Amino acid sequence: MALYKFATTRVLAIILCALPLVALAADDGQIDVQNDVQIVSPDARVSLAFDAQGGLNFRATFDGNKVFDSSPLGLTFEKSDPRDDLVIAGVESKLVDETRVVKIGRKSTVRDRYREATISLVSSVDPKKALQIVARVCDQGFAFRYVVPKDSAFADSEGAFRVLAEQTAFNFADDFDARVGLAAGYNTNQETEYAPIKLSQFADGKLAVAPLLAISDKFVAALAESDLLDWSGANFAGTGSKTVKIALTPRDDGNGAVLRNAPAASPWRVCLLGKNERELYDAADLVQSLAQPCDFDASWIEPGVATWDWWAPKGSRDISTKRICEFIDFTAEMGWRYTLVDAGWYKTPPKNAADSRDWSLGLEENPKVDLKKCVEYGASKGVRLIMWIDWPDLVATGHGDDVLKHYAKVGIAGVKIDHMNSHSQEMVAALTETVKLAADLKLLVNFHGMYVPTGLERTFPNQITREGIQGNEYFRSRPLAMSQVVALPFTRGLVGPADYTPGGFKNRHKETYLPLKKQTERDASCQVVGTRAHELALCMLIDSPLRCLCDLPEVYRDQPGLEYLRDLPTVWDDSVVVDAKIGEFVVIARRSGDVWRYSGATDDQPRRFDVPLELLEDGVEYEGTLYADAPESDADACALRVESRVFTRDDRLVVDAAREGGWNLVLTPKTTRK
């Protein structure tokens, strides 16, 4: 079937109309078009300007501070004459202020308030060569995208065009400090550390994934991408200077980067802005706001917690009906929703297996696994299964859509699809079609071996989480740096949900941690660096509507802190960064209903947190339960202090965290407003 063959078939139509070229105009006087096009955000915090002086360029400021000096724009089309000069021929603009409901996210409502301008451009050499730039400017950042209108001469007589490269660059105003997620090449799993370097240390020709952060004493900026559908994914390329370029992933067939028919739009190039970490975190809503909204009934999608069987003992990982049912039992005991069964439950199909069997019957199961029986047993316990499937195996069958249809009929809740490791246009299209089919089948999708989020979870909310992150599974073989872990809400976690698989209860400090292969006990299981309170905090600090907890039932049972995880939500009504310094510590508060939860984590340094509780409702007393590092946590990372007291919004929480430590506070109202 075409679903798993990399073809150029369009998978999601972007309906665009060619705008007429009009006289330069503005909605309310906030777009200056005397010498260039200047767009100002509703509260005038962000200014974005475009000009066509010596090529197409943009520049931007935030709170009066330069963010970008003049920076080039443009697409390189096949057979386009590089001497063609684009000139501004018309502008249309509008002011938008609307609130959208978010049912599966870190906030229940998001206000989208921005000024949008559509800038029409034509070539002074050949006026039939038309291009548009659509720009949105809000007080938390800006974004722009390219649009190839219908009948543009950049396309051929049949409307087809080919993009070889993109000329967009971000020429920062200074050589700022940066956080750069370095990548080995174009096609990777995008699981990377975000190196703390200067922009000029991002070497010429090296690639990085989103987001890319620039940090000054006046603001923090983050570059990202949104609404990536039938296009090549963007990488950031270093120049050895303060300028960062866009580098499109080449197509698998060698035909440049993008093959499309006009009209068509590129993904959004996004810049999130804030004066500090708190504002930057709020600005991250823009990534999903720019993505196409969901156009189907998503009421069947249920977020929740999943147990996971991959965190195996050293001796062997039992992949059997009996073991899966043991996980189901524990999941039911905890009141959680899902059990995720990872690799090994089916036999790997041979390469080019398309005609070797009837794939409408699914994959050939491991003889020890009776999936139908597991599904039925889970249903009796109120637990549903999510099954791991390797992307290369779906491709090998040649009938991946039949495979998914089969398991939907069996009654699983979703699939965890792994090892795509690419965002070429063909892969982006194939994965979009996959998640669209999954939505039709009412299957959740958790992508692993996958590029970082680009807003797809708004378009298809059944794509409930994804990897593209160095998560806890790395502790199987090596430790993660705590400076990287506590930075995650502002690096990888900034652009969308992350399947970090938190919740390890074999807690160690770095000097006593052992990878699984160096542990001597046959039934030893994976260890994690960080205290118990730190690991509990990661369950809330790293956003994922599907929280896949990593440890085993026999490790969790009767352990301090397990009761904290029992009732911890995965979606929220509000989320606020209370305090943070990227790479050193973070404190986030989240609200579900009228219950507030605060969590904090530190790097490898012990730290005293002094946290205001001003988010609480005035006049209400809250019963607070604290899960924090104990005095002995510096020696015993598993030690946990649990205590309760009453709080009001006039109080402050003062709590000490051990090195690699953390804390968590649950606040439940005990009285009503007087």
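The values are calculated or read from the model by the stated rules, or taken from the named source; none is laboratory data. Since the model is a prediction, treat every value here as computed from it, not as a measurement. Note: ideal-geometry Cβ built from the backbone for every residue, glycine included; neighbour counts use all protein chains shown. For the accessible areas, the whole protein counts, side chains as well, though only heavy atoms, and no ligand, DNA or RNA atoms are used. Shrake-Rupley method; radii C 1.70, N 1.55, O 1.52, S 1.80 Å.
Among residues of the stretch 192-205 that are free of Cβ contacts under 8 Å to residues at least 40 places away in the same chain and acidic (Asp, Glu), those with a Cβ under 6 angstrom from a residue that is part of a loop (DSSP other than H, G, I, E, B) and open to solvent by 30 Å² or more (accessible area, probe 1.4 Å), sequence gap 6+ or separate chain, pair up as Asp204/Thr239; Asp204/Gly240.
Taking Ser356, is it at negative phi, of a type in the set (S, T, N, Q) and open to solvent by 60 Å² or more (accessible area, probe 1.4 Å)? When the stated conditions are applied, Ser356 passes them. When we screen Ala130, Ala183, Ala173 for residues that are touching a residue at least 24 places away in the same chain (Cβ under 8 Å), of a type in the set (Gly, Ala, Ser) and crowded, with 22+ Cβ neighbours inside 10 Å, the only hit is Ala130.
For (1) at pLDDT 95 or above; (2) touching a helix residue (DSSP H, G or I) at 6+ places or on another chain (Cβ under 9 Å); (3) of a type in the set (A, V, I, L, M), each residue gets a yes or a no:
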residue	(1), (2), (3)
Thr243	yes, yes, no
Thr249	yes, yes, no
Leu259	yes, yes, yes
Ala262	yes, no, yes
Ala265	yes, no, yes
Trp268	yes, yes, no
Asn276	yes, no, no
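Please go through the stretch 369-394 and give me each residue that is part of a helix (DSSP H, G or I), open to solvent by less than 40 Å² (accessible area, probe 1.4 Å) and without any contact (Cβ under 8 Å) to a residue 60 or more places away in the chain, ordered by number.
Those that are part of a helix (DSSP H, G or I), open to solvent by less than 40 Å² (accessible area, probe 1.4 Å) and without any contact (Cβ under 8 Å) to a residue 60 or more places away in the chain: Leu371, Cys374, Val375, Gly378, Trp391, Asp393.
The set of residues in the stretch 546-562 being at positive phi and within 26 Å of the chain's Cα centre (by Cα) is empty.
Annotation note: of Gln559, Gln519, Gln527, the sole residue that is within 15 Å of Met482 (Cα to Cα) and open to solvent by 10 Å² or more (accessible area, probe 1.4 Å) is Gln527. Looking at the stretch 319-345 only, could you name the residues that are within 17 Å of Val555 (Cβ to Cβ) and part of a loop (DSSP other than H, G, I, E, B)? Residues satisfying the conditions are Trp336, Asp342.
Taking Arg179 as the residue in question, decide whether it is in contact with a Pro (Cβ under 8 Å, 6 or more places away or on another chain), among the charged types (D, E, K, R) and outside any loop (DSSP other than H, G, I, E, B). For Arg179, the condition - in contact with a Pro (Cβ under 8 Å, 6 or more places away or on another chain), among the charged types (D, E, K, R) and outside any loop (DSSP other than H, G, I, E, B) - is met.
Residue-level analysis places Arg522 among those that are in contact with a Lys or Arg (Cβ under 7 Å, 6 or more places away or on another chain), of a type in the set (Lys, Arg) and closer than 21 Å to Ser316 by Cα. Screening Thr397 on (1) touching a residue at least 60 places away in the same chain (Cβ under 8 Å); (2) closer than 27 Å to Arg269 by Cα; (3) not aliphatic (A, V, I, L, M) shows it passes everything except condition (2). Among the residues of the stretch 153-174, what is the count of those that are of a type outside the set (Val, Ile, Thr) and assigned to a strand (DSSP E or B)? Here the count works out to 10. For the stretch 605-648, a residue qualifies if it is among the aliphatic types (A, V, I, L, M) and crowded, with 16+ Cβ neighbours inside 10 Å, and the qualifying residues are Val611, Leu613, Leu616, Val620, Leu626, Ala628, Ala630, Ala637, Ala639, Leu640.
So, Ser316, is that one part of a loop (DSSP other than H, G, I, E, B), free of Cβ contacts under 8 Å to residues at least 24 places away in the same chain and surrounded by fewer than 24 Cβ atoms within 10 Å (Cβ to Cβ) or not?
In short, yes.
Just one residue in the set Glu326, Glu302, Glu333 is at pLDDT 95 or above and under 27 Å from the mean Cα position of the chain (by Cα); that residue is Glu302. Restricting Lys416, Lys372 to those that are under 25 Å from Val305 (Cα atoms) and touching a strand residue (DSSP E or B) at 6+ places or on another chain (Cβ under 8 Å) reduces the list to Lys416.
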